[in-house]
Amino acid sequence: MKNLFFVALSIMLFTACNQEKRYTQQSTEIESYKKVIKNYVAQDWKSFATHYADTTIIFNNATKDKGQTLSEAIASNKAGAELFNSWSFIEDEGDYEMVITDDNEIWVNFWGLWKGNLKANNKAYEIPCHMTARFVDGKIVRENGYWNTSEILLDMQEMERIATTKIDSLTSE
């Protein structure tokens with residue numbers, strides 16, 4: 001009976017030690033995603049694109065039916081960059097993790113604090129964001145991004161309203 005107990009205990013320990021690691025903060029996929037963030041900040045779109053599969057769909061603040069191809073996302077990022085003097089992620093405010101789902105999908109999550117200085121009003125904005133990217137064979141095949149740009153949009157609308165009011169007052173004289 002004593003031997004049976006030790007055999008059962010050994011099997012349980014062996015099984016527990018051999019379980020697949022499903023969560024980590026250190027992986028090649030995380031290192032790849034850190035490069036994605038670095039390339040985004042540097043606006044190095046050529047290097048940025050190397051981390052994505054050709055068939056990638058990107059959902060930045062978008063529902064399933066409004067995803068973008070990699071080319072469309074890069075074009076959108078370029079257009080956004082034109083509005084800012086600078087942008088970055090605050091270094092000590094970010095965190096990465098990798099998880100393996102029950103379906104064996106590999107996802108890297110990033111939480112960060114984005115900072116940008118809008119050209120139109122020279123105002124600095126800080127926006128918390130979350131991005132999650134699914135990796136297959138070392139490439140991103142899907143990316144979801146979530147952040148709130150309403151403060152920037154409201155400020156831009158107000159600047160547009162003021163500019164329109166000034167133009168209207170000049171043309172009515």
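Bear in mind that the values in this text are calculations on the coordinates, not laboratory data. Owing to the predicted nature of the structure, the values given are computational and were not obtained by experimental measurement. In this analysis, Cβ positions are derived from the backbone assuming ideal geometry, glycine residues included, and neighbour counts consider all displayed protein chains.
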Other-chain or far-sequence residues with amide H under 5 Å of PHE84's (modelled H): LYS119
Separation of alpha-carbon centers, segment 97-173 and segment 32-58, rounded to whole Å: 16
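Let's see if you can work this out: charge +1 on each Lys and Arg Cβ, -1 on each Asp and Glu Cβ, no other charges. What is the dipole magnitude of segment 19-151 about its Cα centre, in debye to the nearest 20? Intermediate values should be presented prior to the final figure.
Details: 15 positive and 20 negative charges, 86 e Å.
Dipole magnitude for segment 19-151 comes out near 420 debye.
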Alpha-carbon Rg with Dmax, taken over segment 19-151, Å: 15.0, 54
Length released on extending from THR50 to ASN148, taking residue separation times 0.36 nm less the Cα-Cα span: 32.6 nm
In nm, spacing of pseudo-spin labels at TYR125 and THR164 (7 Å Cα→C-beta vector): 1.9
Globularity ratio of segment 26-87, using Cα Rg and 2.2 N^0.38 Å: 1.16
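Neighbour counts of other C-beta atoms within 10 Å: give me VAL36, VAL136 arranged from fewest to most.
On the way: VAL36 21, VAL136 12.
So the ranking, lowest neighbour count to highest, is VAL136, VAL36.
Would you mind checking the pairs LYS34/LYS115; LYS35/LYS123; LYS64/LYS115; LYS46/LYS139; LYS21/LYS46; LYS21/LYS66 and listing those with alpha carbons more than 25 angstrom apart? Mind showing how you got there, number by number?
Values: LYS34/LYS115 17 Å; LYS35/LYS123 27 Å; LYS64/LYS115 27 Å; LYS46/LYS139 15 Å; LYS21/LYS46 33 Å; LYS21/LYS66 34 Å.
Where the Cα-Cα span goes over 25 Å, the pairs concerned are LYS35/LYS123; LYS64/LYS115; LYS21/LYS46; LYS21/LYS66.
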Point-to-point label distance, GLU31-LYS115, nm (Cα→Cβ direction, 7 Å offset): 2.8
Square roots of five times the Cα gyration tensor eigenvalues for segment 82-129, Å: 31, 11, 7
Whole-Hz couplings from phi, Karplus 6.51/-1.76/1.60, listed for segment 106-121; x for Gly and Pro: 9, 10, 10, 9, 10, 10, x, 10, 7, 10, x, 10, 6, 4, 4, 10
